[in-house]
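Contents: one structure, followed by commentary.
The values are calculated or read from the model by the stated rules, or taken from the named source; none is laboratory data. From a predicted model like this one, the values you see are computed outputs, not experimental measurements. Here the Cβ is made from the backbone with ideal geometry for all residues, glycine too, and neighbour counts use every protein chain on show.
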Amino acid sequence: MTTPTELPINGNNDVVLVRQHVRTAAVDVGLSLVDQTKVVTAASELARNALVYAGGGRVRVEIVQNGLRKGLRLTFSDEGPGIPDIEQALVDGWTTGGGLGLGLSGSRRLVDEFDLKSAPGEGTLITVTKWAR
Amino acid sequence: MGVTLSVPADAGRRRIEQLLQDNEERVLRRWQEIAGSSSTGNVDRADLAAQLRELFQALLQSLGEGGDSSDLRGLLAELSRNRARQGFTPSETAIVVFGLKEAVYEFIETDGSPEALRGFVWFSQLIDDLGLFTIENYSAAREKVIVDQAEQLLELSTPVVKLWEGIVAVPLVGTLDSARTQVVMEKLLQTLVDTGSEHAVIDITGVPAVDTQVAQHLLKTVVAARLMGAECVISGIRPQIAHTIVTLGIEFGDIVTKASLADALAHALRESGVEFVSRRTRVAVRTEEG
């Protein structure tokens, strides 16, 4: 089993690197092409959120196992301003940054497990998991 | 050790200079051996030997002229720039400089005097400085190469091609960030004006993932083209991309999307009133007539 890796997110280039790394890991886990694309897209959204709203952060990429099933778990963390109203942030089309407002809510649909912890002034921690079928 | 430290620094320095001058040829030959053996096969031995001889002369000169090392640094900068461009690793580049330390140390050992040992500490620092200087130049040259390539890539990866009279296409390959979208949009809009085209095909077959940012950039480009009176078709939507777009909840509205570039071209041709008749049918018709 590969060890978890931590990648920094400090610029647009890092978002590209995160995406590439997640894609390689997704292939290792044995995700289907559709699921690979989904988890890579979710990683792209969440990494960009960390960059745009918190000015940067990092992501931990690990391969997890649940019985016979393998999965890919991504943990995004930042020390940004945090999300004041999580429920509203997860509404489709809601944005404070001029985007489409689908990044966070869409990412939740792209993965199997989605966990969001955030409070104003305490940064944001998002853990997502995609299981191989 | 107490003996060694009681030797004045400049006495040690003078001893090293003396040693280097007395054993000039031998130190140089040893240095060439060390540097040559640590480099991989793709280095020209004769070339390296000549470079080292030049460096060594410059080093001796800088020692003699009371520390003016601008010549030496100039040569080192050139060497590291060349090595960075030729794809040498940082270690392979640094070892050229650090190899001299090893070469000189062998002569210090034979000499064995406290002055020489004291001097070697000074010499060691000098070589470390030069080594760091080399590495700094090496990475500066590497960064320059990367920046140049990124610029070239931006130019290369956004061609706008004419498919038919009145139909242009933009095949997008790779990551679509704000900077690239800007270039793509400008180029596309300019080409629409230049060619008087009314149809544009944006092909995303080469875009590995379409996230909300990419989608937003695409939508903006399409809207901008529409403002200029041109209709855009987005093609190259692969199954996994379609899946992802739907799950994300992105809506392309009334923008025409196609699975392949061929479909998009067929659509644009139909829209502009061009019809195709397959040749075989025509031959068949003729036979009937005959």
Inset, instruction - Taking the options B:A242, B:A259, B:A209, B:A200, name whichever one is of a type outside the set (K, R) and under 19 Å from B:E165 (Cα atoms). - result: B:A200
Inset, instruction - Would you please list the contacts, defined by Cβ atoms under 8 Å and residues six or more apart or on different chains, that run from a residue in the stretch A:23-36 that is in a loop (DSSP other than H, G, I, E, B) to a residue that is aliphatic (A, V, I, L, M)? - result: A:G30/A:A132; A:L31/A:V39; A:L31/A:L72; A:L31/A:A132; A:S32/A:A132
Inset, instruction - Might you check whether a residue that is touching a His at 6+ places or on another chain (Cβ under 7 Å) and either within 14 Å of chain B (Cβ to nearest Cβ) or touching a residue at least 60 places away in the same chain (Cβ under 8 Å) (or both) occurs anywhere in the stretch A:44-63? - result: no
Inset, instruction - Kindly indicate the residue of the stretch B:156-207 that is modelled with pLDDT under 85 and polar (S, T, N, Q) and also surrounded by the most Cβ atoms within 10 Å (Cβ to Cβ) among those meeting that condition. - result: B:T158
Inset, instruction - Those residues that are under 13 Å from the mean Cα position of the chain (by Cα) and within 8 Å of chain B (Cβ to nearest Cβ), I need them from the stretch A:17-35; list them, please. - result: A:R19, A:R23
Inset, instruction - State whether the residues of the stretch A:62-71 include one that is part of a helix (DSSP H, G or I) and of a type in the set (D, E). - result: no
Inset, instruction - Exactly one condition in (1) within 27 Å of A:R109 (Cβ to Cβ); (2) surrounded by 22 or more Cβ atoms within 10 Å (Cβ to Cβ) is not met by B:H217; state its number. - result: (2)
Inset, instruction - Check A:P84 against each of (1) closer than 24 Å to A:N12 by Cβ; (2) more than 17 Å from the chain's Cα centre (by Cα) and name the one condition it does not meet. - result: (1)
Inset, instruction - For B:Q152, work out the one condition from (1) at pLDDT below 90; (2) over 19 Å from B:A179 (Cα atoms) it doesn't fulfil. - result: (2)
Legend entry - Residues being touching a strand residue (DSSP E or B) at 6+ places or on another chain (Cβ under 8 Å), under 30 Å from A:Q20 (Cβ atoms) and assigned to a loop (DSSP other than H, G, I, E, B) - total across the stretch B:151-175: 5
Inset, instruction - For the stretch B:248-273, enumerate the residues that are of a type in the set (D, E) and free of Cβ contacts under 8 Å to residues at least 60 places away in the same chain. - result: B:E251, B:D254, B:D263
Inset, instruction - Examine the stretch B:64-80 for a residue that is buried (at least 20 other Cβ atoms within 10 Å of the Cβ) and of a type in the set (S, T, Y), and state whether such a residue exists. - result: yes
Inset, instruction - Inspect the stretch B:243-263 for any residue being within 12 Å of chain A (Cβ to nearest Cβ), closer than 20 Å to A:T41 by Cβ, under 33 Å from the mean Cα position of the chain (by Cα) and not in a helix (DSSP H, G or I) and give the result as yes or no. - result: no
Inset, instruction - Select, from B:D263, B:D254, the only residue that is on the phi < 0 side of the Ramachandran plot, modelled with pLDDT of 90 or more and not basic (K, R). - result: B:D263
Legend entry - Residue match in the stretch B:148-155 (condition: of a type outside the set (K, R), closer than 30 Å to B:F98 by Cβ, without any contact (Cβ under 8 Å) to a residue 12 or more places away in the chain and exposed (fewer than 13 other Cβ atoms within 10 Å of the Cβ)): yes
Inset, instruction - Tell me, please, whether a residue that is in a helix (DSSP H, G or I), closer than 19 Å to B:V210 by Cβ and either free of Cβ contacts under 8 Å to residues at least 12 places away in the same chain or more than 14 Å from every other protein chain (Cβ to nearest Cβ) (or both) can be found in the stretch A:86-109. - result: yes
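I'd like to know if the stretch B:229-238 contains one or more residues that are β-branched (V, I, T) and assigned to a loop (DSSP other than H, G, I, E, B).
Looking through the stretch B:229-238, at least one residue is β-branched (V, I, T) and assigned to a loop (DSSP other than H, G, I, E, B).
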Inset, instruction - Considering every residue within the stretch A:103-123, establish whether at least one is of a type in the set (F, W, Y), surrounded by 14 or more Cβ atoms within 10 Å (Cβ to Cβ) and touching a strand residue (DSSP E or B) at 6+ places or on another chain (Cβ under 7 Å). - result: yes
